[in-house]
Amino acid sequence: MKIQFSAAAVLTALALLMPVNNAAAESKAAPKVLRYSFRVAETGFDPAKVTDLYSRIITAHIFEGLYGYDPLAQPAKLIPLTAAAMPEIADDFKTWTIRIKPGIFFADDPAFTAKYGGKKRELVAEDYVYSMKRKADPEVASPSWDEIEAQHVLGLTEYRNELRKSGQPFDYDKPIAGLRAIDRYTLQIRLGATRPRLLEVLAQGDLYGAMAREVVEAYPGKSMEHPVGTGPFVLKNWRRSSLMVLEKNPGYRERYYEAQPAADDAEGQAILAKLKGRRLPMIDRVEVSIIEENQPRWLSFLGGEFDLLERVPEDFINQAMPNGQLAPNLAKQGIQAYRVLAADIGFWVFNMEDPVVGGYTPDKIALRRAIGLGSDVQREIRLARRGQGIQAQSMYMPHGSGYEPDFKSEMSDYDPVRANALLDLYGYKDVDGDGWRELPDGRPLVLSSLTTPDAFQRQVDEIWQKSLGKIGLQVRFTSAKWPENFKALRAGKFQIWSIANSASMPDAQDSLTSLHSGHVGTQNFARFRNEAADKLYAQVGSMPDGPERAALFRESKRIVAAYMPYKYKLHRFISDLAWPQLIGYRRHPFKLGFWDVVDIDNSQRKAAP
């Protein structure tokens, strides 16, 4: 390896000769504060209970999984985080042995003080055992349980089923054959089936980070509001649906910036040159506001109130990045732009248990397919989203397995003629002559969709409403905040909703959960039940990546196009803007946390107006 000495390195060496002066300067330095906003409110901060993106961004910085992702490597590369090394794997990917680094401590909390006499509480293997057991506890009702169940941890599902029948509380001291701490720092996971991609599951630190049993038990019923982990930040202030303030964890271990960008990745190499070897985290505090409306979020960023505009609102994308390039007036101010095709999917979900749009009979399938064919997604992308997306052909997302850029399906078709023909054929006709179709039995047909009370969503709703009106279908909207709508979705108390999903791992099986009956009430939002889809899900879990596995994913695309429990709409281009004081930012397709790998240069704030 060629070694080069930069000017920064020389200055660093000189600084070592002047520790007193530097210490004095450091003490006077203003804290490094990252400020930005979420467009959707959080729900809480218990890794075993959250599932929404924005809550997971917070937990990703408080809790730590055994593994994480290199911040710059492309394609995504898994690296040890609290683990000392990559796992030892045996028995055809059924036995995983993971050693944890000694000397990692939980953030200080009163729950530890009395028990340990003020000593810090060290992270041990048993903490990961406990945290995974919480996913199986029926009383916790973890939305992540289905993902754990799919790994076939020996004895865990059996114990959960036993408790569900008996009604007894979960005994966290009960040994589980497939989940045990061999010693203080060694975790062993034994599976009843081959699972080559278990590591991708464990790398979701926002969901599978270690929790301390003492903390959960010290604050009964308050796990969503009292997060304590080993991560780089601690929650200091929370005003629900308004503001979250996190500060650097003062007891965070020595961890330094390392990354492996590709040799031809100029942006990544530049970031590495600036940050390599820096102790993490580099910033002192993060302040996250909730601003649901696009205009105030946009204006707040332009006014210098935020360092980062995470996801430029669609309404303002032409002002920010005309023709995909940063606007000259913004570039002159030192603002940086970051544009990627996201590993996400926007879609309409139909409740398969709803008496109007649900069901598996030909007339119900015809109605959903007609809605799909009559939905002008291209118009939504062009007008409401200002071109910031490409049409989706299936549930599989860019940057992951299962996604085929050249694959084409009926999912992307806009064909009102075929939609009208389907509706006519299956008896959805305008019997009373008012311009709206009725159900085959003559009763009124009015579609009902959840929505949120923001200006952007109103644009999307109006486009959809008009396109369905052209085929004689009327739709009405029930508006509520996103968290309330999500609760209704999870409970099956809805008919249709337009939402989006983001990938948190490269493997496409995570997307296939949307069709699996075992995930009804969690990731199977449509409550879809299909024997063929269940069989595919079971098959792909144990298969190595390759043509045979890819063929099964392709078959799942045909199933969803045939039954239409979801109408997949688009994959979004996401554009982020940052003032020059934010150093090292780059959106990762799967790593939700980034605060620990960026810096704030307060001297650059003068660029803000």
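The values are calculated or read from the model by the stated rules, or taken from the named source; none is laboratory data. As the structure is a computational prediction, the values presented were derived from the model and not from experiment. Cβ coordinates were reconstructed from backbone atoms using ideal geometry, including for glycine residues, and neighbour counts include every protein chain displayed.
Would you check if ALA578 is of a type in the set (A, V, I, L, M), modelled with pLDDT under 95 and closer than 27 Å to PHE233 by Cβ? Walk me through how you get there before you give the answer.
Numbers: of a type in the set (A, V, I, L, M): yes; modelled with pLDDT under 95: no; closer than 27 Å to PHE233 by Cβ: yes.
So ALA578 fails the test.
Looking only at residues in the stretch 172-221 that are within 23 Å of ASP109 (Cβ to Cβ) and within 20 Å of the chain's Cα centre (by Cα), which one is surrounded by the most Cβ atoms within 10 Å (Cβ to Cβ)?
Restricting to residues being within 23 Å of ASP109 (Cβ to Cβ) and within 20 Å of the chain's Cα centre (by Cα), the top hit is GLY205.
Given the conditions (1) surrounded by fewer than 22 Cβ atoms within 10 Å (Cβ to Cβ); (2) aromatic (Phe, Trp, Tyr); (3) under 30 Å from MET505 (Cα atoms), which single one is not true for TYR396?
(1)
Go through the residues of the stretch 9-29 one by one and say whether even a single one is surrounded by fewer than 19 Cβ atoms within 10 Å (Cβ to Cβ), under 36 Å from the mean Cα position of the chain (by Cα) and modelled with pLDDT of 95 or more.
No - not one qualifying residue is present in the stretch 9-29.
Scan the strands (runs of 3 or more DSSP E) fully inside the stretch 433-520 and keep the ones with 2 or more residues being in the same structural domain as ASP206 (by TED's automatic domain parsing). Even if it seems obvious, please write down each step before you answer.
Numbers: elements: 446-451, 474-479, 496-502.
Answer list for the stretch 433-520: none.
Where in the stretch 322-416 are there strands (runs of 3 or more DSSP E), lying wholly inside it, with at least 2 residues that are of a type in the set (A, V, I, L, M)?
On the way: elements: 336-341, 344-350, 389-391.
Correct list: 336-341, 344-350.
For residues that are at pLDDT 95 or above and among the aliphatic types (A, V, I, L, M), scanning just the stretch 322-340, find the one that is surrounded by the most Cβ atoms within 10 Å (Cβ to Cβ).
By that ranking, first place goes to ILE335.
Of everything in the stretch 134-190, what is touching a residue at least 40 places away in the same chain (Cβ under 8 Å), among the basic types (Lys, Arg) and assigned to a loop (DSSP other than H, G, I, E, B)? Give them in sequence order.
ARG184
Being outside any strand (DSSP E or B) and among the aromatic types (Phe, Trp, Tyr) is the filter here, so list the residues in the stretch 213-262 that pass it. Working first, answer last.
Step one: filter the stretch 213-262 for residues outside any strand (DSSP E or B), giving 213-232, 240-242, 249-255, 257-262.
Answer for the stretch 213-262, where residues must be outside any strand (DSSP E or B) and among the aromatic types (Phe, Trp, Tyr): TYR219, TYR252, TYR257.
Could you check how many residues of the stretch 253-266 are closer than 19 Å to TRP595 by Cα, exposed (fewer than 12 other Cβ atoms within 10 Å of the Cβ) and not hydroxyl-bearing (Ser, Thr, Tyr)? Break it down into steps so the answer makes sense when it comes.
To start, the set of residues in the stretch 253-266 that are closer than 19 Å to TRP595 by Cα comprises 253-261.
Next, only the ones that are exposed (fewer than 12 other Cβ atoms within 10 Å of the Cβ) stay: 254, 256.
Imposing the further condition that a residue be not hydroxyl-bearing (Ser, Thr, Tyr) reduces the set to 254.
Final tally of qualifying residues: 1.
Return the total of residues in the stretch 248-278 being under 12 Å from LEU72 (Cβ atoms) and touching a residue at least 12 places away in the same chain (Cβ under 8 Å).
The qualifying residues number 15.
Would you confirm, using the coordinates I've provided, whether PHE301 is aromatic (Phe, Trp, Tyr), in a helix (DSSP H, G or I) and surrounded by 20 or more Cβ atoms within 10 Å (Cβ to Cβ)?
Values: aromatic (Phe, Trp, Tyr): yes; in a helix (DSSP H, G or I): yes; surrounded by 20 or more Cβ atoms within 10 Å (Cβ to Cβ): yes.
Yes, satisfied.
For the stretch 392-427, give me each residue that is under 26 Å from ALA533 (Cβ atoms), at pLDDT 95 or above and in contact with a Pro (Cβ under 7 Å, 6 or more places away or on another chain).
TYR426
Based on what the data block shows, is ILE335 in the same structural domain as ARG529 (by TED's automatic domain parsing), of a type in the set (A, V, I, L, M, F, W, C) and in contact (Cβ under 8 Å) with a residue 60 or more places away in the chain? Don't jump to the end; show me each part of the working.
Numbers: in the same structural domain as ARG529 (by TED's automatic domain parsing): no; of a type in the set (A, V, I, L, M, F, W, C): yes; in contact (Cβ under 8 Å) with a residue 60 or more places away in the chain: yes.
No, not satisfied.
Identify the single condition in (1) over 24 Å from ALA538 (Cβ atoms); (2) over 23 Å from the mean Cα position of the chain (by Cα); (3) of a type in the set (Val, Ile, Thr) that VAL153 does not satisfy, given that it satisfies every other one.
Failing condition for VAL153: (1).
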